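Chemist: Below is the structure I would like to discuss, written out as structure tokens.
The values are calculated or read from the model by the stated rules, or taken from the named source; none is laboratory data. Since the structure is predicted, the reported quantities are computational estimates derived from the model, not experimental observations. Reconstructed Cβ throughout: ideal geometry from the backbone, glycine too, with neighbour counts over all protein chains shown. Only protein heavy atoms, including side chains, enter the accessible area calculation; ligands, DNA and RNA are left aside. Shrake-Rupley method; radii C 1.70, N 1.55, O 1.52, S 1.80 Å.
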Amino acid sequence: MKKILHILNINNFFPELFSLTYPTIESYAKKYGYMINIIRERKFSDYPINYEKLQVYEDGKGADVNILCDADMLIHPQFPNIQDIFNPTYVAFNDNYDISWKYHVDKIRYFVRDGRDVGIATNFVVSSKLTHDIWEPLSLSHKDIEKLAKKENTEGENDPTQRGWGHYADEFALSYNLAKYGLKYHGICPEDWQRPFLVHTGTGNKDEALQIARTTLEKWSKL
């Protein structure tokens, strides 16, 4: 069985954090027989860098299982084999939200027809041969996606400093494909007690991310 775990890390982004997260990802991959594919080069230069996650479409062709794991994820040593909790007729992911929160999806027939309003957070996504369509690059340009993006509303509706959600083109793309193909989905950690098995540090605040990683690893070392 061919299984690949993909990590996006272009231009050696945030090496201080990656030096903490990668050993946990590598350990998991070795434990359960996953090849590791680190995506290091750009192939979709007209899109935000996160859109490079869609390289899984080509890199993962022919694999029985593909996992996309963010470079800022920590995987607990006892996190189970994904094959034991994953239904291969489904797509699985760690987090989701209402896609209509970020995008005007009422303008796209696939989202309207699907009706589930699912936005996929791409920090940990699993697919099989049967659901590989989730990674299909879009025919829409980044400008098309930006036109559909709503404004972030962190400081009030009339704040001119608000930026659009267009920089989440990777999440839009996977959510689009989920709706387009009517793919079924389930969670990776559906129970609250399972959440600590996958820790997403984030990178918006680098000091905070490093603190989360160090604290988490210290806690795990005492188990």
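Chemist: Show the residue pairs meeting these rules: Cβ distance below 6 Å; 6+ apart or different chains; first residue within region 167-182 and farther than 13 Å from Ile49 by Cα; second residue in a helix (DSSP H, G or I) and open to solvent by 10 Å² or more (accessible area, probe 1.4 Å).
Modeler: Asn177/Asp133; Ala179/Tyr110; Ala179/Phe111; Ala179/Asp114; Lys180/Tyr110; Tyr181/Asp133
Chemist: Only one of (1) of a type in the set (A, V, I, L, M); (2) open to solvent by 20 Å² or more (accessible area, probe 1.4 Å); (3) in a helix (DSSP H, G or I) fails for Val56. Which number is that?
Modeler: Every listed condition holds for Val56 apart from (2).
Chemist: Run down Ile99, Ile75, Ile67 and say which single residue is surrounded by 20 or more Cβ atoms within 10 Å (Cβ to Cβ), over 20 Å from Leu198 (Cβ atoms) and within 18 Å of the chain's Cα centre (by Cα).
Modeler: Ile99
Chemist: Across region 23-53, what is the total count of residues that are touching a helix residue (DSSP H, G or I) at 6+ places or on another chain (Cβ under 8 Å), free of Cβ contacts under 8 Å to residues at least 40 places away in the same chain, in a loop (DSSP other than H, G, I, E, B) and surrounded by fewer than 19 Cβ atoms within 10 Å (Cβ to Cβ)?
Modeler: Within region 23-53, residues that are touching a helix residue (DSSP H, G or I) at 6+ places or on another chain (Cβ under 8 Å), free of Cβ contacts under 8 Å to residues at least 40 places away in the same chain, in a loop (DSSP other than H, G, I, E, B) and surrounded by fewer than 19 Cβ atoms within 10 Å (Cβ to Cβ) number 4.
Chemist: Report every pair of residues separated by at least 6 positions or lying on different chains whose Cβ atoms are under 9 Å apart, first residue within region 11-22 and in contact (Cβ under 8 Å) with a residue 60 or more places away in the chain and among the aliphatic types (A, V, I, L, M), second assigned to a helix (DSSP H, G or I) and open to solvent by 70 Å² or more (accessible area, probe 1.4 Å).
Modeler: Partner pairs satisfying both residue conditions: Leu17/Lys206; Leu20/Arg214.
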